[in-house]
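Peer 1: Submitted below is the structure of interest, expressed as structure tokens.
The values are calculated or read from the model by the stated rules, or taken from the named source; none is laboratory data. Predicted model, so just to flag it, every value in this text is computed and none were measured. Cβ: placed from backbone, ideal geometry, glycine included. Neighbour counts: every protein chain shown.
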Amino acid sequence: MRRGYSWLMENELMTKIAVILLTGVLSAISLNMFLIPANVFSAGMNGVSQLVSGAFEMYLDIKVDTGVLIFILNIPIFIVSWLKLGRSATIYSFLTVSSISVITLLVPQVIVTDNALMNAIVGGVLVGIGAGLCLKFGFTTGGLDVIALVIGKTTGKSVGSLMFAMNLLIIFIAGMMYNWESALFTIISIYCLTQVIDVIHTGSQKVTAMIVSHQSELVVNELKANITRGMTLLPARGGYTNKESTMIIMVVSRYELFELEKSVYTIDPNAFINIMPTQNVMGMYWNEDQQKAFMQSQKEQLPK
């Protein structure tokens, strides 16, 4: 068991390194080939770095590469992250920012298309893929994400609302510095970015399913056959009907919701299912690799 767990951890580390490198490549291509040539701005610290680079060139006639600024502006944020969010998250975020910064310096600025709308969409999608993958594996791309998380923990305010306010400021400054057309295309880019993040990252978000059924034993067996998740069974009684039943409680990812509903309603079309968002799970909640390892061990135990 220990050997299998070590293998999973090693595999997870290699996956995270691959994600960090991929995020760097995607962000560099997005910035140097789509966003910067079109004066369209990214969200977060990438966008702030674009604005600062543009301000240096516009007002001081000094050329400072966006990749350099991405790293420099993130240094104080790493210090705050280390103190407030912990070592592990900070290290991975630092590596991600370093990857973005270095690869952005290596990738040349090339005009792929003169269509500003296409630049905004493609640029936003590419950054969104990288950011979404980072979030799925439990770390961020640094910058404003970290600031929002720290302020959110300190004040209790919504991280999403804080990120929205910060990105709104980027859009406003972009409009003031360049033109309001740039600001409008920046809105489109940030919208595409957030939508892609939702598609990738939402699947790793967890929900709690509360299932009430009069055929609980059959439902439990069907769920076991299709979903590798633990369950808690509680006795229940209908407040209106006064009938005895069983409540099944499960924590699953959103990707597993369809399979859960299908399994339950295949057995009991009259079952009651309540789905609630889950902020955090502590304890034995397996990731995909651990699920696969368990399922493989179960198959090996079957008689041949």
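Peer 1: Return yes or no: is Ala236 touching an Asp or Glu at 6+ places or on another chain (Cβ under 9 Å), in contact (Cβ under 8 Å) with a residue 60 or more places away in the chain and over 28 Å from Ile170 (Cα atoms)?
Peer 2: no
Residues are listed down the side, and each one gets a yes or a no for (1) at pLDDT below 85; (2) over 28 Å from Phe172 (Cα atoms); (3) among the charged types (D, E, K, R):
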site	(1), (2), (3)
Arg2	yes, yes, yes
Ser6	yes, yes, no
Glu12	yes, yes, yes
Ile17	no, yes, no
Ala28	no, no, no
Ile36	no, no, no
Gly44	no, no, no
Gln50	no, no, no
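Peer 1: Among the numbered criteria (1) surrounded by 14 or more Cβ atoms within 10 Å (Cβ to Cβ); (2) at pLDDT below 85, which single criterion is violated by Gly130?
Peer 2: (2)
Peer 1: I need the full set of residues from the range 256-272 which are out of contact with any helix residue (DSSP H, G or I) (no Cβ under 6 Å at 6 or more places or on another chain) and either modelled with pLDDT under 75 or outside any loop (DSSP other than H, G, I, E, B) (or both), in order please.
Peer 2: Passing the criteria: Glu256, Leu257, Phe258, Leu260, Glu261, Lys262, Tyr265, Thr266, Phe272.
Peer 1: So, in the range 191-234, of the ones that are within 15 Å of the chain's Cα centre (by Cα) and β-branched (Val, Ile, Thr), which residue ends up nearest to Val125 (Cα to Cα)?
Peer 2: Looking at the filtered set, the residue picked out is Val196.
Peer 1: Considering only residues that are closer than 22 Å to Cys134 by Cα and assigned to a loop (DSSP other than H, G, I, E, B), look in the range 13-62 and name the one that is farthest from the chain's Cα centre (by Cα).
Peer 2: Here the residue is Phe41.
Peer 1: Checking Ser49 against (1) touching a Phe, Trp or Tyr at 6+ places or on another chain (Cβ under 8 Å); (2) surrounded by 15 or more Cβ atoms within 10 Å (Cβ to Cβ), which test does it fail?
Peer 2: Exception for Ser49: condition (1).
Peer 1: Does any residue of the range 240-249 turn out to be surrounded by fewer than 13 Cβ atoms within 10 Å (Cβ to Cβ), modelled with pLDDT under 90, among the basic types (Lys, Arg) and part of a loop (DSSP other than H, G, I, E, B)?
Peer 2: Of the residues in the range 240-249, the ones surrounded by fewer than 13 Cβ atoms within 10 Å (Cβ to Cβ) are 240-244.
Checking which are modelled with pLDDT under 90 leaves us with 240-244.
Then drop every residue that is not among the basic types (Lys, Arg), which leaves 243.
Going one step further and asking which of them are part of a loop (DSSP other than H, G, I, E, B), we end up with 243.
Within the range 240-249 (the criterion being surrounded by fewer than 13 Cβ atoms within 10 Å (Cβ to Cβ), modelled with pLDDT under 90, among the basic types (Lys, Arg) and part of a loop (DSSP other than H, G, I, E, B)), the answer is yes, since at least one residue qualifies.
Peer 1: Moving on. Can you tell which of Phe164, Phe185, Phe94 is part of a helix (DSSP H, G or I), over 22 Å from Gly54 (Cβ atoms), in contact (Cβ under 8 Å) with a residue 12 or more places away in the chain and among the aromatic types (Phe, Trp, Tyr)? Break it down into steps so the answer makes sense when it comes.
Peer 2: On the way: Phe164 fails: in contact (Cβ under 8 Å) with a residue 12 or more places away in the chain; Phe185 fails: over 22 Å from Gly54 (Cβ atoms).
Of the residues listed, the single one that is part of a helix (DSSP H, G or I), over 22 Å from Gly54 (Cβ atoms), in contact (Cβ under 8 Å) with a residue 12 or more places away in the chain and among the aromatic types (Phe, Trp, Tyr) is Phe94.
Peer 1: Now a separate question. Check off (1) in contact with a strand residue (DSSP E or B) (Cβ under 9 Å, 6 or more places away or on another chain); (2) modelled with pLDDT of 90 or more; (3) of a type outside the set (Gly, Ala, Ser) for Glu222 and give me the number that stays unchecked.
Peer 2: (1)
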